[in-house]
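To start, the structure under review is shown below, and the notes come after it.
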Amino acid sequence: MKILSCGAGMQSTALALMSCENSFAKEKKLPIPYPAVPIYDLVVFCDLGLEPPWVKRQVEFIRKACESAGIPFKVLDSPLYKDFMKNFGERRTISIPWWTLGEDGHKSRMPRNCTIDYKVEMISKFFRWEVLGYKKGQRLRDEDKKAHEMHMGFSAEEARRCKESPNPMFINKFPLVEMGLVRADNYAYIKDVWGLETRASACTFCPFHKNYFFQYLKKNLPEEYRRLVEVDELLRDKNPKPPMDSDLFISRSRKRIKELTPEDCCDAECFEYHGRQVWNGF
């Protein structure tokens with residue numbers, strides 16, 4: 001089976017919609033327009049609990065498109081935000097790539113395990129138990145070992161992120177890299193063909209956001225900004241388990257979100273689309 005791990009950003013949205021186009025073409029007995037993209041057996045989105053509101057709009061658009069194309073679409077409740085807010089400072093929590101600042105001034109970044117634990121593993125468990133029908137304690141059948149494909153929306157500029165899957169069931173596939181499509185290409189495809197304007201998908205408190213993103217929330221989405229500040233203040237007020245001798249920050253400037261100045265926030269990532277600059281959502 002061929003599964004799409006869909007984060008509902010512009011890359012995985014493009015893959016889902018290309019798959020829908022392939023399904024429509026097959027139904028009409030026309031040539032498949034995107035041979036590198038299969039007609040997926042399942043498209044899965046993991047709801048991490050705190051993402052910008054445009055992500056939900058993009059998820060709903062994908063759901064409707066998949067429904068019309070006959071492609072199964074599933075949303076999984078993946079409680080990254082809930083677990084972190086409940087457990088940080090009390091017990092060991094998932095490693096999110098926070099920016100660190102040591103007492104001696106040393107700067108570094110925490111390891112990134114959140115995607116594996118709260119997306120890839122969630123999808124793998126759902127696929128094993130709910131789709132393939134395995135029972136608790138049942139060993140993996142030989143016919144399921146490296147027999148299925150997990151497709152991911154990494155674009156060509158992210159080729160360095162492409163890795164083999166450690167999961168015994170899956171082989172990882174990266175069609176956008178294979179096609180040489182960058183993020184701007186995916187945005188243009190979705191906008192020109194489907195009429196949808198897309199932005200990046202990531203947790204609101206993801207440390208890979210630029211400071212511009214935090215400023216955007218403050219100006220336009222006060223409730224999301226309030227919850228972002230709550231996460232930041234939790235990092236300030238509590239020490240992780242096991243304890244660290246470094247302070248943890250969401251902002252790469254290693255400042256608290258409330259302390260960011262307008263000068264800190266002039267770092268929006270944009271690309272050109274039909275002669276105008278488009279913010280990518282990070």
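Each reported figure results from applying straightforward, stated rules to the coordinates on display, with no laboratory input. Source: prediction; values computed, not measured. Please note: Cβ atoms are built from the backbone with ideal geometry, for glycine as well, and neighbour counts cover all protein chains shown.
Here are some notes:
- Look at where the Cα atoms of region 207-251 and of region 17-80 average out, and the two centres are 31 Å apart.
- Here K218 is the anchor, and the lysines within straight C-alpha reach of less than 18 Å, apart from those fewer than 8 places off in the same chain, are K210, K255, K258.
- Region 183-268 - convex hull of the alpha-carbon atoms, volume per residue in Å³: 123
- In Hz, Karplus ³J(HN,Hα) per residue of region 221-227 (6.51, -1.76, 1.60; θ = phi - 60°; x = Gly, Pro): 9, x, 5, 5, 5, 4, 5
- Square roots of 5 times each gyration tensor eigenvalue, C-alpha, region 7-124, largest first, Å: 37, 15, 12
- Compared with the direct C-alpha span, the chain from D77 to L196 gains 40.3 nm at full extension, assuming 0.36 nm per residue.
- Across the cross-link table entries K64/K145; K56/K125; K74/K135; K64/K163, which are compared at the Cα atoms, the separations over 26 Å belong to K64/K145; K64/K163.
- Cα Rg over Rh - region 139-282, Kirkwood: 1.06
- Of the peptides 250-257, 214-221, the order by per-residue mean of other Cβ atoms within 10 Å, starting with the highest, comes out as 250-257, 214-221.
- The convex hull built on the alpha-carbon positions of region 213-253 has an orientation-averaged projected area of 3.2 nm².
- GNM on the chain, alpha-carbon springs under 10 angstrom: the most fluctuating residue among N22, N239, N211 is N239.
- Antiparallel DSSP beta bridges within the chain, percent to nearest 5: 40
- Alpha carbon convex hull of region 2-202, volume per residue in cubic angstrom: 154
- Once backbone amide H atoms are built at 1.01 Å from N, N172 has M150, S165 as its partners under 5 Å, excluding neighbours fewer than 5 places away on the same chain.
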